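Below is one structure; the comments refer to it alone.
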Amino acid sequence: MGITFDKEQKTFRLDTPGSSYVIAIADEGFPGHAYYGRRLSSSDKTALYLRTEEPPYVPSRNARDRLSFYDSFPAEYPVSGIGDYRPSCFAAHDSLGREAGCLLYSGHRIFSGKPDLPGLPAAFAEDSDSETLELLCRDSCLHLAVTLRYTVFSDTDAIARSVLIRNEGETAVILTRALSASVEWDDLSRDILTLHGSWARERHIQRREAGYGSYAVSSLRGEPGHQDNPFLAVLSREASQESGEVFGANLVYSGNFIAEAYGGQFDTLRMNLGIHPEGFTWQLLPGDSFQTPECILVFSDHGIGGMTRTFHDLYRNHLIRSRFRDADRPVLLNSWEAVYFDIRSEKLLEMASASASLGIELFVLDDGWFGKRDSDNSSLGDWTVNESKLPGGLRALGDDVGKLGMRFGIWVEPEMVSPDSDLYRAHPDWAIAISGREPGLARNQYVLDYSRTDVREYIWGCLKKILSEALVSYVKWDMNRPLSDLGSQALPPDRRGELSHRYVLGLYELLERLVTGFPDILLETCSGGGARFDPGMLYYSPQIWCSDDTDAVERLLIQEGTALVYPLSAIGSHVSDCPNHTVGRTTPIETRALVAMAGTFGYEMDITRIPEEDRSQIPEQIRRYKKHAALIRSGDYYRIAAYRETGTHDCWQVVSKDKRKTIMTYIQVKACPNIRSRRIRLQGLLPGKRYRLEATGEIFGGDCLMYGGWLFGPLKGDAAGVFLEFTLAED
Ligand code: DGJ
């Protein structure tokens, strides 16, 4: 493992178990991207990949064509304004009107371990399993010190990158673009993989050819949004699920972002990721610093699946901090789709009691329990229990739930305020709004200005009170609208462009207080379904509600895309009622349960009113989930077939790290007449060993299952599912 500096060539080689990343410092001190790919045994001659030995050469050899150099050099951290006309990572000016930038190498530091990023979520690692390079660059005109930071991990093919920008001059500098990472490839014959969607259709996979010009996924919503995810992968054209080269990038950030791929005139492909520059400014007074969010880069030469498994391992081992990360999560019943705003203690306890008798362990009280919250038109911000709905308050309900042997959890939406609330009437200036403009409503609510300390203090006080009032062991933290009308009564006009990032920093500060102040509470974050499903959130909450769409068929698409990057242990997934409340489709409860098993398993329905035939299946579903929970949480995930591609069926598999156990779920989405069986090949087993099918005790060779496959015969009916479990047979 590690990072090595080759003095002669002026190259830095960053090695992970299976990849190398080489940075070279060209003459005059330009840091350039020389190589990223399969692991190299040495960095001999890798500086040549900068192509500075050919026209237009470095400016010291060809001063008349300095701009041609800038516009073709694979800059490690591209800067705009002096001749690199491609999308850049950095732009700034000072109060004297000086702008642009030219970042030249000025020193470096290599050390064990990985520093925290103050105020920001970031991957963590021990000194023994990681090494960091800090590459210090300086711009002599704006007097900026720009530290490019890279950490490699000894157990995974990932590199964490971020940038620290410090004003070393005597004049204020305004950053207008400060992205986190850039990578450049010298061929365009590649594909790009991104995740898109909408409310109830989050994170559908899109693969397209890279080409000339820009292609970006982004958000200006103050959160990643339902629409795009802060993830982009560059693939070799022939890359498939289990073969070919894949480079994945994911921004550890929960606000505005851009992930852009640009095909240039010399058939190069540049990828930049970071905070979206539109509307962004950040003022650095002399001595001030700005820390960008972290970007995770993953390399796989085992196709898309290899990238997926690396992201899963990295997030499970180096990002999710919660003590619930490695613990069985309680099987929950959530009240939302059961009763919506019609909250009444009696009814809730009836549901809790039925749930307890079926083996459900946690009762979650969703929206509607506070203020005058009878619909989504009021009361956000008034975090006091509505005692006419819940006599005795949260304590009484929590105690009664506890007497049933269940744990108790609640929903909150602390970033919001309803115009019809006591909080808004008392503090209209606490909502984000542009002076002189009526802010736009979404779901009849405004966003609280989390850049303000007084707002955060007030909300923290409310949260502490609620969480101390009853024995709460789970919190669902929701956010049901994007940011707009970006104005803050507390920020001076010349800092307006800082609001959306300050909002995210304020949110992180509150989440940090929550997880450190109440470490025994299991936190699930949520945003109108899955509008804030990003690695930043995973640093605080080990699970995130994936989508408001709980239909088993729609979830195949949503969960395939989500699991492309994020571990199953993070994917909030429930069995809900039929006809499904979003799409009206009816599917068998067994299939709904099988789909929910590829995530954190729970129920969201009025369990007292579903058909007895369905209810009677629940104890066995829970038993099965709990039996495999540790494997689902920690195993290697294989995407065997995708409904998105087949149009007929879907299949995924999880294999334990020691390869002794595997589970596989096959869903036949559409029944089809007169077809023969489908051959589905398992993955990740030991070919020379034998495995037992747990349902029958039959023995099969690992190689037979992987190379010959398993024959799934046609099933009766649409959305039918089959679950298989194999364990290593003792010889
Ligand atoms: C949106 C969430 O995604 C739902 O699960 C539910 O909590 C509602 N908000 C409540 O308003």
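The values are calculated or read from the model by the stated rules, or taken from the named source; none is laboratory data. The structure displayed is predicted, hence computed values, not measured ones. When we count neighbours, we look across all protein chains shown, and the Cβ atoms used for this are built from the backbone with ideal geometry, even at glycine. Quick note on the areas: whole protein, heavy atoms, side chains included, nothing else; ligands and nucleic acids left out. Shrake-Rupley method; radii C 1.70, N 1.55, O 1.52, S 1.80 Å.
Numbers below:
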{"item": "Loop-located trypsin sites (Lys or Arg not before Pro) in segment 56-123 whose Cβ has at most 14 other Cβ within 10 Å (DSSP)", "result": "Arg61"}
{"item": "At R0 = 60 Å, FRET efficiency that the Cβ-Cβ distance of Ile434 and Gln206 yields, to 0.05", "result": "0.95"}
{"item": "For Tyr70, net neighbour charge (Lys/Arg +1, Asp/Glu -1) across residues whose Cβ lies under 11 Å away", "result": "-1"}
{"item": "FRET E, pair Thr727, Asp328, Förster distance 25 Å, beta-carbon r, rounded to 0.05", "result": "0.80"}
{"item": "Rounded Å value of the spacing that divides the Cα centres of segment 142-198 and segment 102-126", "result": "12"}
{"item": "Simple spin-label estimate for Leu471 and Asp71 in nanometres, 7 Å along Cα-Cβ", "result": "7.1"}
{"item": "Given 13 as the ceiling on other Cβ atoms within 10 Å, longest exposed-site-free region of the chain for GluC sites (Glu not before Pro) in DSSP loops", "result": "388-697"}
{"item": "Residue-span extension gain [Lys7 to Ile82] - 0.36 nm each, minus C-alpha spacing", "result": "24.1 nm"}
{"item": "Three-way shape call for the chain based on the alpha-carbon gyration tensor, with the a/c threshold at 1.5", "result": "oblate"}
{"item": "Pair His196, Leu48: separation of 7 Å Cα→Cβ label points (nm)", "result": "4.1"}
{"item": "Cα gyration tensor category, rounded, prolate or oblate, for segment 641-728 with a/c compared to 1.5", "result": "prolate"}
{"item": "Probe 1.4 Å - accessible area at Ile174, Å² to nearest ten", "result": "30"}
{"item": "Label-point gap, in nm, between Glu168 and Asn62 - each point 7 angstrom along Cα→Cβ", "result": "3.0"}
{"item": "Length added when fully stretched, Glu238-Asp27, from 0.36 nm per residue minus Cα-Cα", "result": "72.3 nm"}
{"item": "Solvent-accessible area, 1.4 Å probe, carbon plus sulfur percent, for the chain", "result": "49"}
{"item": "Sum of side-chain charges, Phe124 neighbourhood, beta-carbon under 11 Å (Lys, Arg +1; Asp, Glu -1)", "result": "-2"}
{"item": "The chain: calculated mean residue ellipticity at 222 nm from DSSP helix runs of at least 4, using -39500 (n - 2.57)", "result": "-5500 deg cm²/dmol"}
{"item": "Cα-based radius of gyration of segment 484-610 once divided by 2.2 N^0.38 Å, which approximates compact folds", "result": "1.30"}
{"item": "Translational D in µm²/s for segment 2-318 (Stokes-Einstein at 20 °C, 1.002 mPa s, Kirkwood Rh from C-alpha pairs)", "result": "109"}
{"item": "Extension reserve of the Glu698-Lys347 stretch, reckoned as 0.36 nm per residue once the Cα distance is removed", "result": "121.7 nm"}
